[in-house]
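Remarks on the structure that follows.
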Amino acid sequence: MFKTFKRSVIKMFREVLVYHNSSLEFRAKLLTLMISSNGEIDECEKQKLKEISHSIYDGDQERAELLVDTVYEYHNKIVTNNGLDFEHLITLVRKEVAEVKRFCQKIDIELLMQLHECIDDEDEALFQMRIIEFLQDLKKECRV
């Protein structure tokens, strides 16, 4: 009960309470791009998301869970058309990379490709590969 309440409070006030919140939210946006590309989160993607979040925040289970919760929050906003759509999310990622150069280092293509393994449909796989290419291009722009 206390753990659930604590997570709810942290989610509501994460901008103030979470150390390096902008970094966590940027990572959540990247993961949401991959997961929301087909409009739903299947069991494979849920499992991969947990694995990825725990590999990013190795040893910090609470932060890893907050990353997963943030991805679900962004995904729900996209699905319910609640102030965020897929194109807007792409624009936000591009803008944040341009404004905060260290975010380029947060784009880990290998981790994102783990989510690609969950896609069976050819069209969805192609769409996800376009997202990967977009992120690779963003990363290249940072190096120039």
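The values are calculated or read from the model by the stated rules, or taken from the named source; none is laboratory data. Keep in mind that this is a model prediction, so the values were computed, not measured. Ideal geometry is used to build each Cβ from the backbone, glycine not excepted, and the neighbour counts take in all protein chains shown. Only protein heavy atoms, including side chains, enter the accessible area calculation; ligands, DNA and RNA are left aside. Shrake-Rupley method; radii C 1.70, N 1.55, O 1.52, S 1.80 Å.
Descriptive notes on the structure:
- Taking Asn82, Asn21, Asn38 as the candidate residues, the one with maximal mean-square fluctuation in a Gaussian network model of the chain, Cα springs under 10 Å, is Asn82.
- When the chain is treated as a Gaussian network with alpha carbon springs shorter than 10 Å, the biggest mean-square fluctuation among Glu73, Glu62, Glu45 belongs to Glu62.
- P(r) weight above 23 Å for the chain, C-alpha pairs, percent: 33
- Of Lys48/Lys139; Lys101/Lys140; Lys95/Lys139; Lys77/Lys139, pairs whose Cα-Cα distance is over 21 Å: Lys48/Lys139; Lys77/Lys139
- For the chain, the solvent-accessible area of protein heavy atoms averages 59 Å² per residue (probe radius 1.4 Å; ligands and nucleic acids excluded).
- Accessible surface of the chain, 1.4 Å probe, proportion on carbon and sulfur as whole %: 51
- Seen from Lys48, the other residues with C-beta closer than 12 Å to its C-beta sum to a net charge of -3, counting Lys and Arg as +1 and Asp and Glu as -1.
- Three semi-axes of the equivalent ellipsoid, segment 26-90, Cα gyration tensor, whole Å, largest first: 21, 12, 9
- Residue of Val68, Val97, Val79 that the Gaussian network model of the chain assigns the largest fluctuation, springs spanning Cα pairs under 10 Å: Val79
- Unit charges on C-beta of K, R, D, E only; dipole of segment 57-144, Debye: 700
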